[in-house]
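Below you'll find the structure, written out as structure tokens, and then a few comments.
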Amino acid sequence: MSNAPSGSRMAYLSDVTQAVEALRQELVDISLDIHAHPELNYHEYHAAQVLADALERHGFEVERGVGGVETAFRGAMRGGNGEGPTVALLAEYDALPGIGHGCGHNLIAMSNLGAGLGAKAAMHSLPGRLIVLGTPAEEGGGGKIRLLDANVFKDVDVALSSHPSSNRTIIPVEIPRDQSWSLAMVGYRYAYHGKAAHAAVVPHEGINALNAVIHLFTGIDALRQHLRDDVRIHGIITDGGKAPNVVPDFAAANFMLRSRERDDLNAVVEKVRRIAEGAAQITGARLEILPAHPLYENVRPNAVLAKTARANAEAIEMPLDETPQGWNGGGASTDFGNISQVLPAFYLRFAVSQEPVPGHSTMMAEAAKSRLAHDHAIATAKVLALTVCDLLANPELMEAAQADFAARAT
């Protein structure tokens, strides 16, 4: 160990970054293994085992199936310098249907595992506790929400994570108090029940459920001109009849609704509900509204954590891009937002390509196994590991992060 003061980053910078670097090949192999075995939400058996096994192999105390979620896990390590706060690193590892790792969750798994193994190198001199938490089912399943409901985050003081971000690595530090880093999102299934009839012989005896779905779509399209710029409504018809000569007695559509803030999202949900009811009244069909996606809260930023991460990125000379003017985190949604609404949280967005690549695409899936992506994931692991150590070593920093969190409460 260095002879620098224990509260200084220099006391552990070299040990932590060298620990991550020494594990580079193991971490890359784990990432490529997860990438080669894509698993959908709540079915990430292989990925969860690979990651939990790695934590056990490196001396973490591992609990599998944590929170009653079969593919969740928790690896814990206590510091050697007494009681203190708990910092959690959140790994994701589920894939997308038909695309595989088109959101790069293999890299999130790798970088947070690597961060935990890197921070381990300094834990003997730090107070508190380090957790690497396996959080399944980010892609539509709300795994973190289930873990929140099961009190898995009860003793966590700060949560850190990461996410691939096309061709830019951005760590903003000037963050307006009212800024959100994602869209709040919820999903519903609008199912219409009609009455079948021969479409040519007795069409007047039928109630066309598909017409109701069509009116739902046209009603939403008419609504768009009266919505704020940050609102997104997108859906698909999942059921629309079986044959053109039969009046459809059942039709349904699944929609996702998004907005920058949850309160605004609630207003959008109500407007769409009224449209759906109107479509039922027009056609005579019976409407059934069913939940189709859990509520993902918008991500609450934390300027203290962002500044700490940026300082660590600069300390290891990680390439960083300038934050574009007006940048607000993008239009995606994540259950990491639910975590950020209950405790201080930060996730580092890192580049996986030299050129822009769209998320949730085969191009992103290809980029997620590239050498550049893995080099940046290793750097991200180092930054997160150092940020964990900073938070455990410096009580004032932890208090500042909690104060920033409280100041941004809505």
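Some points to look at:
- For LEU320 and GLN281, the difference between the fully extended length at 0.36 nm per residue and the C-alpha to C-alpha distance is 8.6 nm.
- Loop-located chymotrypsin sites (Phe, Trp or Tyr not before Pro) in the range 323-364, at most 14 other Cβ atoms within 10 Å (DSSP): TRP327
- Sequence-distant residues sharing a close amide H with ALA292 (under 5 Å, placed H): GLY187, TYR188, ARG189
- Rounded to 0.05, the FRET efficiency of the HIS204 and LYS242 pair, given R0 = 25 Å and the Cβ-Cβ distance, is 0.80.
- Cβ-based charge dipole, the chain, positive-most Cα from LEU265, HIS215, SER180: HIS215
- Computed on the range 86-193, with alpha-carbon pairs under 8 angstrom and 6+ residues apart, the relative contact order is 36 percent.
- Here the range 194-331 is treated with +1 on each Lys and Arg Cβ and -1 on each Asp and Glu Cβ, and its dipole about the Cα centre works out to around 300 debye.
- Among the GluC sites (Glu not before Pro) found in the range 304-410, those both in a DSSP coil and sparsely packed, with 13 or fewer other Cβ atoms within 10 Å of their Cβ, are GLU317, GLU322.
- Within the chain, percent of DSSP bridges classed antiparallel, to nearest 5: 70 percent
- Inter-label distance for HIS360 and ASN266, nm, one decimal - labels placed 7 Å from Cα along Cα-to-Cβ: 2.6 nm
- Fraction of accessible area attributable to carbon and sulfur, the range 353-410 (%, probe 1.4 Å): 54 percent
- Shape class of the range 120-181 from the Cα gyration tensor (axes a ≥ b ≥ c, square roots of the eigenvalues): oblate, since a/c reaches 1.5 or more and a/b does not exceed b/c.
- When peptides 296-305, 234-243 are sorted by average Cβ neighbour count within 10 Å, with the highest value leading, the order is 296-305, 234-243.
- Computed over protein heavy atoms with a 1.4 Å probe, the accessible surface of the chain works out to 42 Å² per residue.
- Under 5 Å from the amide H of ALA199 lie the amide H atoms of VAL246, VAL247, each residue being 5 or more positions distant or on a separate chain, with H modelled from the backbone and absent for Pro and chain starts.
- Net charge of the neighbourhood of SER165, taken over other residues with C-beta under 10 Å away and scored Lys/Arg +1, Asp/Glu -1, is +1.
- Amide H contacts of SER162 (H built 1.01 Å from N, under 5 Å, at least 5 apart or other chain): LEU348
- Relative contact order (%) - criterion: Cα under 8 Å, at least six apart; region: the range 1-118: 29 percent
- The peptide list 107-113, 197-203, put in order of mean Cβ contacts within 10 Å with the highest first, becomes 107-113, 197-203.
- Mean Cβ neighbour count within 10 Å, used as a protection proxy, ranking 35-41, 220-226 highest first: 35-41, 220-226
- The dipole here belongs to the chain: it is taken about the Cα centre, uses +1 on the Cβ of Lys and Arg and -1 on the Cβ of Asp and Glu, and is about 620 debye.
- Net +/- balance of residues flanking PRO248 in space, Cβ distance below 9 Å, scoring K and R +1, D and E -1: -1
- Ranking PRO97, ALA115, VAL69 by how far each Cα lies toward the positive end of the dipole of the chain (charges on Cβ) leaves PRO97 at the top.
- Three-way shape label, the range 154-248, alpha-carbon gyration tensor, a/c 1.5: prolate
- Taking label points 7 Å from Cα along the Cα-to-Cβ direction, GLU70 and ARG228 give a separation of 4.0 nm.
- The charge dipole of the range 68-159, taken about its Cα centre with unit charges on the Cβ atoms of Lys, Arg (+1), Asp and Glu (-1) only, comes to about 300 debye.
- Contact order, relative form, for the chain: 23 percent (alpha carbon pairs under 8 Å, 6 or more residues apart, mean separation divided by residue count).
- Listed candidates (1) 0.97; (2) 1.05; (3) 1.02 - label of the one calculated as Rg/Rh (Cα atoms, Kirkwood Rh): (2)
The values are calculated or read from the model by the stated rules, or taken from the named source; none is laboratory data. Keep in mind the model is a prediction, meaning the values are calculated, not measured. Quick reminder, even Gly has a Cβ in these numbers, built from the backbone with ideal geometry, and neighbours come from all protein chains shown. We work out accessible area using only protein heavy atoms, side chains counted, and drop any ligands, DNA or RNA first. Shrake-Rupley method; radii C 1.70, N 1.55, O 1.52, S 1.80 Å.
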